[in-house]
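Only one structure is covered here, and it is reproduced in the block below.
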Amino acid sequence: MAKTEFDTPELGEFQLTPKLHDGVMAHSQPYIAKPEFQEALGFPGELEDGWEDRAVTRLGELVDGSRALRVFLDSCVKCGACTDKCHYYLGTGDPLNMPVARQDLLRKVYRRYHTPAGKVLGKIGLAGLIGAAEMNKEVLDQWYSYFHQCSQCRRCSVFCPYGIDTAEISMAAREVMDSIGQGQKYCNEIIAKVYKIGNNLGLPEPALVDTLEGLEEDVKDETGVDVKFPVDVKGADVLLITPSADFFAEPHIDGLIGYAKVFHQAGISWTLSSYASEAANFGMFIGSLDNMQKVAERIRTAALELGVKRIVVGECGHAWRVAYSFWNTLAGPFDFLDPNYPAPQHIIEFTHDLIQRGALTLDPSANDEYRVTFHDSCNVARASRMGNRPGGQFVLPREVIKSSVNHFFDMAPETIHENTFCCGGGGGLLTDDLMELRVKGAQPRMQALKDVVEQNQVNYLAAICAICKSQFSKVLPYYGHPMDMIGSVHGLVSNAIQLGTKQ
Amino acid sequence: MSLAVVYAVLFYVAAVIFLGGLAWKISSYARTPAPLKIPTTPAPTTRFGVVARMVREVTVFESLFKSNKWIWLFGWIFHFALVLVLLRHFRYFQEPVWFWVDLIQPFGKYAGFAMVAGLLGLWARRVVVDRVRYISSPSDHLMLALLVAIGGTGLLMKYVAHTDIVALKAYMLGLLRFSIQPLPADPVLLIHLALVATLMLIFPISKLLHAPGVFFSPTRNQIDNPREIRHAQGWTAQIRHDA
Ligand code: HEM
Ligand code: HEM
Ligand code: SF4
Ligand code: SF4
């Protein structure tokens, strides 16, 4: 399973579409969740006799409950337009990483058991004619491998003539696997931790308070200013919900310091919540509406308890998708918040707005050692928005960066904005047991990065996602870059902001 | 039993399955809830914008254009020509014929060739490009074979083995009025018609469902306004908060 030897893909002059290498990633599977964590999420502990039928039934229920799933499973014409769009295919050449082939792993079971043609042809042994197949151990094995090789980045969905989103298919497949007792360790343990402690890292309240006090001292030493990192302050204006990695992972923490400085200079009172100390919602990764709702509910509870007027979300990709697109549905309405601000608001929107109003003093020359490029995180780019206009999610972060640095260079147009490549670690794959996949899946982004490094001497890759940041600090060295080349956008803001009381 | 009767039965059955199946499928798409907002962004923020996006998808295959120029070219030629061919066929089913059906006849003449050419282009990709070959099942080839055969027999009738159009028209008009008229016994015509009936039969149970499906695709037909308007359908409609 894990720890196999592998070669880092080579980068050439430009992005190549690989030839098919059948089965080269079949061995790549994450660890299976232990029964106790399965049960904490309301799933059976392990596979039990008759799981085939239960899988088929659960799939039928999911299709009945999701128009997307039903339309997507019926509509694909096998045109092939998506086949060269997935970073995991580009990085591995495994044909089952082509989005349509990945979908077909589920679609063949759907066709066999849930369509008239499949039921008839299946009975007379001709299921293969229409690409239908029986549910069995071999299929489950393929599902477990390849539905954990999809970061739910939605790149394929942009290019499909019907907008078929393989992310939806992967989520459904993971939900089916969970429901028959074969869940993925990384995601399910994390969700169990959120229920028990409040965040993905399992960081309890005293430790959180401690960490934040340490940060206050650090910032005081560095700037001479009393920048606060408040927790559980009732009546604060803003509740900040941020990925827990921001509390002590590098380079995330520089982002958190940046947010705090922005709040400080703007004079807006804010607080974190120890109860809802996590923006990420892994319920989405495993395709479980139920768990996603429960995790989202914590935000509402915290906001009500603290009596805040606004909710701001820190730098995170998939989390921002859930916050922006789903919170209102899952935990809303947020009619108890101040209607003058979007609920929720992204920290980039928040900072951008302050910059527009001249409320921040930024000196870009403080970042003159950096030549910066920006990685559009997949779920911010293709599953959310910032600001009032479509595409604001591309414009606002760049404007915030450009207000904070003097040297900014975009990567090639076919690799940014809605065309952006996933970092290779999204969608519940950011675990050491999938290292080979993560390194190979980063190949297209690394190719684009190489070009701006060579042409523009870029030395800072800015991102607004906790997963992207962790993933890049791990895989950059495989491609010959220093791990600290990745940084937070608010890390740049933090450097540039002039708090003004130092001298 | 005469040929006319056999074909009449065939067409009635095909029509029932085609229309009934399609109605059943479309209503299942309409009834199935979309519990979450999942437009692929950047997406329009207004209803009008969504309609415009959909019109672009259906008429010029916007997403496909972004993605692959060859598939787009062949696919678009095939579909556009198909529309012309089908509109041209209206003349077998109406008396008098609407003026615009007459109007497009001259353009339609070449459409048959364009349609077949587009299909052959798509088929060539399916055979030659390793990735597309990999994802093709027998049914994907058969679908193209079927359409090429329909187009081929049609063109044969038009340019080589002419059939008695007047009699055929009388037969078709008869079918619409549940009265069975004589059917010209030309083999090419009979093949053309049998294949068309096959196409109608498989339409609602095959990937041809992409035609209605595209209109129901949530990633394309949803408005990007989740913060402004609370979306709730199906599973999520049961969530209640009384703040
Ligand atoms: C709303 C109407 C329709 C739209 C928007 C539409 C759109 C598309 C698109 C974008 C493709 C993929 C590109 C390509 O391979 O051409 C496609 C494929 C296809 N369409 Fe349609 N289509 C429509 C109606 C139809 C109808 C009525 C037929 C049937 C006779 C049809 C038959 C096909 C076939 C057979 C393919 C697959 C071609 C291949 O094997 O590569 N389409 N369609
Ligand atoms: C019951 C329905 C249909 C009837 C009675 C019918 C009949 C005919 C006839 C009589 C011709 C020869 C035209 C001429 O000589 O000028 C023809 C041509 C043709 N048919 Fe059909 N057809 C039918 C359905 C279809 C369908 C569904 C398709 C496509 C999927 C199709 C594709 C063609 C093509 C490409 C041609 C040659 C070009 C042209 O004349 O437009 N036909 N058809
Ligand atoms: S682009 Fe869409 S329709 Fe075409 S093969 Fe991929 S998923 Fe199927
Ligand atoms: S969602 Fe992303 S990772 Fe998944 S198949 Fe599509 S392109 Fe690949």
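The values are calculated or read from the model by the stated rules, or taken from the named source; none is laboratory data. Just so it is clear, the structure is predicted and the values come from calculations on it, not from any experiment. Methodologically, a virtual Cβ is constructed for each residue, glycine included, from the backbone with ideal geometry; neighbour enumeration extends over all protein chains shown. Ligands, DNA and RNA are stripped out before the accessible areas are found, and what is left, the full protein with its side chains, is counted by its heavy atoms. Shrake-Rupley method; radii C 1.70, N 1.55, O 1.52, S 1.80 Å.
Across segment A:320-416, the mean sequence separation of Cα contacts (distance under 8 Å, 6 or more residues apart), normalised by length, yields a relative contact order of 35 percent.
Seen from residue B:26, the other residues with C-beta closer than 13 Å to its C-beta sum to a net charge of +3, counting Lys and Arg as +1 and Asp and Glu as -1. Of the DSSP H helices in chain B, those with a Cα length along their own long axis of 24 Å or more and a mean Kyte-Doolittle hydropathy reaching 0.0 comprise B:3-31, B:69-89, B:99-128, B:138-159.
The angle separating the long axis of helix A:347-356 from the principal Cα axis of greatest extent in chain A is about 40 degrees. Once both labels are positioned 7 Å from their Cα atoms along Cα-to-Cβ, the gap between residue A:5 and residue A:21 label points is 1.5 nm. Work out the FRET efficiency for residue A:138 and residue B:180 from their Cβ-Cβ distance, taking R0 = 35 Å, and round it to the nearest 0.05. Efficiency for this residue pair is about 0.10.
Annotation: cysteines of the protein assembly as shown without a disulfide-compatible partner (Cβ-Cβ under 4.7 angstrom) are A:76, A:79, A:86, A:150, A:160, A:187, A:316.
So, counting K/R as plus one and D/E as minus one, what does the shell of residues with Cβ under 13 Å around residue B:96 add up to? That works out to 0.
The label-point distance for residue B:128 and residue A:365, in a model that sets each label 7 Å from Cα toward Cβ, rounds to 5.9 nm. Using a cutoff of 8 angstrom between alpha carbon atoms and counting only pairs six or more residues apart, the relative contact order for chain A works out to 18 percent. Take each residue in B:72-83, count the other chain C-beta atoms within 10 Å of its C-beta, and the mean is 1. Total lysine pairs in segment A:192-496 at Cα distances under 17 Å, for residues eight or more apart or on different chains: 10.
Each stretch of four or more DSSP H residues adds -39500 (n - 2.57); spread over every residue of the protein assembly as shown, this sum gives -16500 deg cm²/dmol at 222 nm.
Averaging the Cα positions of each part gives two centres, and for segment A:277-305 and segment A:424-495 these lie 27 Å apart.
By how many degrees, between 0 and 90 and to the nearest 10, does the Cα long axis of helix A:185-197 differ from the longest principal axis of chain A? It works out to around 50 degrees.
For segment A:416-503, the list of trypsin sites (Lys or Arg not before Pro) that fall in a loop by DSSP and count at most 16 other C-beta atoms within 10 angstrom reads A:502. Counted without the sites themselves, the longest stretch of chain A free of GluC sites (Glu not before Pro) in a DSSP loop having at most 14 other beta carbon atoms within 10 Å is A:135-368.
Which residues among segment A:115-148 fall inside the zone where the amide N is under 18 Å from a point 7 Å beyond the Cα of residue A:53, along Cα→Cβ? Once the point is set 7 Å along Cα→Cβ of residue A:53, A:123, A:134-137 turn out to lie under 18 Å by backbone N, inside segment A:115-148.
Put A:352, A:417, A:87 in order of accessible area, highest first, and with a 1.4 Å probe you get A:417, A:352, A:87.
Take the Cβ atoms of residue A:234 and residue B:46, set R0 to 56 Å, and the FRET efficiency comes out at 0.90.
DSSP assigns beta bridges within the protein assembly as shown; of those with both partners inside it, close to 10 percent run antiparallel. Label segment A:35-183 by shape, choosing from rounded, prolate and oblate, from the square roots a ≥ b ≥ c of the eigenvalues of the Cα gyration tensor; if a/c is under 1.5 it is rounded, and otherwise prolate applies when a/b is larger than b/c, oblate when it is not. Because a/c hits 1.5 or more and a/b fails to exceed b/c, segment A:35-183 counts as oblate.
What shape does chain A take by its C-alpha gyration tensor, where a ≥ b ≥ c are the square roots of the eigenvalues and a/c under 1.5 counts as rounded, a/b above b/c as prolate, and the rest as oblate? It is prolate, given that a/c is not under 1.5 and a/b is the larger ratio.
Scanning chain B for trypsin sites (Lys or Arg not before Pro) lying in DSSP loops with no more than 10 further Cβ atoms inside 10 Å, the longest uninterrupted stretch between such sites is B:1-176. Fully extending the segment from residue B:2 to residue B:173 would add 59.8 nm, taking 0.36 nm per residue of separation and subtracting the current Cα-Cα distance. With a cut-off of 14 Å between beta carbons, the residues surrounding residue B:123 carry a summed charge of +3, where Lys and Arg count +1 and Asp and Glu -1. Note on residue B:66 and residue A:220: their simple-model spin labels are 5.0 nm apart, each label 7 Å out from Cα toward Cβ. In segment B:54-155, which chymotrypsin sites (Phe, Trp or Tyr not before Pro) are in a loop and have at most 12 other Cβ atoms within 10 Å, using DSSP for the loop call? Filter output for segment B:54-155: B:98. What separates the Cα centres of segment B:114-157 and segment A:1-40 is a distance of 35 Å. The Cα center of segment B:171-243 and the Cα center of segment A:307-382 differ in position by 41 Å.
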